[in-house]
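Input: one structure, supplied below.
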Amino acid sequence: MNYFFIVSFFVILITGYYFFRKYEKGISVFFIFSLFASIYYMGIPIELILFNTSFVNRGMVLSQNHIESIMLMSILSIIGFGVGYYLSGYRLMPINTGKAAAKAHTTTRSIYFLAISVVIVMFALFSEELRNSFLSYKGNFTTTYNNSFYAYSKEILFCSVSVVIVFLSNKKFIYKIIAIVLTLVLMVFGIFSSDKDPVLMAIIAWGVFFIRKIVEYNLNKIRIYIVLFLLAMIIIPLSSTYFSFYRSGDLFRMEVIKKNGLYRLFESVGPMNSLIMVLDINDLEYQWGRTYTSGFINWIPKSIWTERPMDLSEKFAKEKIKDWEPGQGLGFSLLAEAYINFGVLGAFIQYLMIGLMIGGFGYFTRWIFKWEQTLFADSIFFIWVVYTLVIIHRGPFNIPSTYIRFILPFIFYYFVFDYKDRFNKLWKKIVKK
């Protein structure tokens, strides 16, 4: 039965890749989602089957029933997301971004100004917080959790610089050099502050550039997707595990991976633990979607709403971590939230909703930045959607909040410059008369 689920899973993946490679040019949104869903949901079960064991990590055991339920829900999540995203009608087209950005003077200037202004704010108002973030991993997550405005300023910094990298990487050679320098700055910041986010954002920023190359060199083929998928299934957990060893001060050794397996050392263990615990609840009362409300309110900082309810991830961490401190977490599987709400079929229902929502936010981004700047808007949206599809599997439903937090600064600066340009044009007409 295990191998039936594994074969079915990969057949569905390949079928989806075949369809969406024609639906979207370059690497599709479906590919990004299915890749990280595979890493977080299927990685551990497949590894346990290959190692012929049920032991995961720290006393956690994955029974045969667990494996079958998780693989079935994984398959349903892939199908649900694909159907939902297709029904939304949205297609991501981050191609020829340089030409689009050259025409979109208002938007381009607003992004550059946003990036510069947030850098100034960070050093002017949060120099002490930056220093604490660089001292240790614990100092970073504690400072970030306890200071909402600092945390949000960091988010804006990473996002705005990433979008700038997207623009510069699609221009002439000298601009690509500047983009590489900014990429290295983000990566160094992430490494020395033990924060994966700036490293991840820097890598995502080059996604538009490489997607263009895939289209230019006619590499949008099934075999390319399969090769990229297989390489990513090894490289991503391996590099993430190495980073985790680094920030905890432990020595990374390949012997440990050979003995224990790669995925059982990877950060997917935390979310998988929450999923096992949820599956083991005999008298579980389905929530019928009530847990999703936190995903619409978590964008409000706790410094403003001090009594903001904890989400599933925070509650889980507080229950399981001894001497829990604000900011600490174990990860909570999004697949577990699907089960809490609707049972096994929740995997299809929840991810259908997520696929529709992703497409809806894509349309909104195009609308807010004007339809004639579609490619430009898609480049901004690309940063958010890829980042979101990478991290959603290790936390509860939070997509609306992450989108609001991401898009608000861009909208604000865009309309400031847009109305400034309109006023200047109006003033010139008045002067001529």
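Could you check the stretch 81-97 and list, in sequence order, the residues that are modelled with pLDDT of 95 or more and buried (at least 24 other Cβ atoms within 10 Å of the Cβ)?
Listed by number, the residues that qualify are F81, G82, Y85.
Is the stretch 390-398 home to any residue that is modelled with pLDDT of 70 or more, under 16 Å from L92 (Cβ atoms) and crowded, with 20+ Cβ neighbours inside 10 Å?
Yes, some residue in the stretch 390-398 is modelled with pLDDT of 70 or more, under 16 Å from L92 (Cβ atoms) and crowded, with 20+ Cβ neighbours inside 10 Å.
Condition check ((1) basic (K, R); (2) at pLDDT 95 or above) across all residues:
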residue: N2; (1), (2): no, no
residue: I14; (1), (2): no, no
residue: R21; (1), (2): yes, no
residue: K25; (1), (2): yes, no
residue: S34; (1), (2): no, yes
residue: S38; (1), (2): no, yes
residue: G43; (1), (2): no, no
residue: E47; (1), (2): no, no
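Test V199 against the stated conditions and say whether it is assigned by TED's automatic domain parsing to the domain that holds V163, buried (at least 20 other Cβ atoms within 10 Å of the Cβ), among the β-branched types (V, I, T) and at pLDDT below 90.
Spelling it out, it is not the case that V199 is assigned by TED's automatic domain parsing to the domain that holds V163, buried (at least 20 other Cβ atoms within 10 Å of the Cβ), among the β-branched types (V, I, T) and at pLDDT below 90.
Enumerate the pairs (first residue in the stretch 263-290 and closer than 10 Å to Y40 by Cβ and among the charged types (D, E, K, R); second residue anywhere and at pLDDT below 90 and not in a loop (DSSP other than H, G, I, E, B)) with beta-carbon separation below 7 Å, excluding pairs fewer than 6 apart on the same chain, so at least 6 apart or on different chains.
E267/S240; E267/S244; E267/R394
Here's another thing I want to ask about it. Within the stretch 202-226, take every residue that is assigned to a helix (DSSP H, G or I) and charged (D, E, K, R) and give me the one that is surrounded by the most Cβ atoms within 10 Å (Cβ to Cβ).
Among them, the one singled out is R212.
While we're here: Taking I276 and the conditions (1) surrounded by 12 or more Cβ atoms within 10 Å (Cβ to Cβ); (2) at pLDDT 90 or above; (3) in a loop (DSSP other than H, G, I, E, B), which numbered condition does it fall short on, given that it satisfies the others?
Status for I276: all satisfied but (3).
Here are some residues: L275, L284. Which one is in the same structural domain as F397 (by TED's automatic domain parsing) and under 25 Å from the mean Cα position of the chain (by Cα)?
Values: L284 fails: under 25 Å from the mean Cα position of the chain (by Cα).
After ruling out the rest, the residue left standing is L275.
Among the listed residues L76, L114, which satisfies the condition of being closer than 15 Å to V416 by Cα, modelled with pLDDT of 80 or more and out of contact with any strand residue (DSSP E or B) (no Cβ under 9 Å at 6 or more places or on another chain)?
L114
Here's something else I'd like to know. For the stretch 210-220, does any single residue satisfy the condition of being hydrophobic (A, V, I, L, M, F, W, C) and touching a Phe, Trp or Tyr at 6+ places or on another chain (Cβ under 8 Å)? Full working, then the answer.
Of the residues in the stretch 210-220, the ones hydrophobic (A, V, I, L, M, F, W, C) are 210-211, 214-215, 219.
Next, only the ones that are touching a Phe, Trp or Tyr at 6+ places or on another chain (Cβ under 8 Å) stay: none.
Checked the stretch 210-220: no residue is hydrophobic (A, V, I, L, M, F, W, C) and touching a Phe, Trp or Tyr at 6+ places or on another chain (Cβ under 8 Å).
Any residue at all in the stretch 137-152 that's modelled with pLDDT of 90 or more, surrounded by 15 or more Cβ atoms within 10 Å (Cβ to Cβ) and under 21 Å from the mean Cα position of the chain (by Cα)?
The answer is no; no qualifying residue exists.
Hey, among G26, G16, which residue is in the same structural domain as G261 (by TED's automatic domain parsing), of a type outside the set (A, V, I, L, M), surrounded by 20 or more Cβ atoms within 10 Å (Cβ to Cβ) and assigned to a loop (DSSP other than H, G, I, E, B)?
Details: G16 fails: assigned to a loop (DSSP other than H, G, I, E, B).
Sole residue among the options that is in the same structural domain as G261 (by TED's automatic domain parsing), of a type outside the set (A, V, I, L, M), surrounded by 20 or more Cβ atoms within 10 Å (Cβ to Cβ) and assigned to a loop (DSSP other than H, G, I, E, B): G26.
The values are calculated or read from the model by the stated rules, or taken from the named source; none is laboratory data. Everything quoted here is computed from the prediction, not taken from an experiment. Quick reminder, even Gly has a Cβ in these numbers, built from the backbone with ideal geometry, and neighbours come from all protein chains shown.
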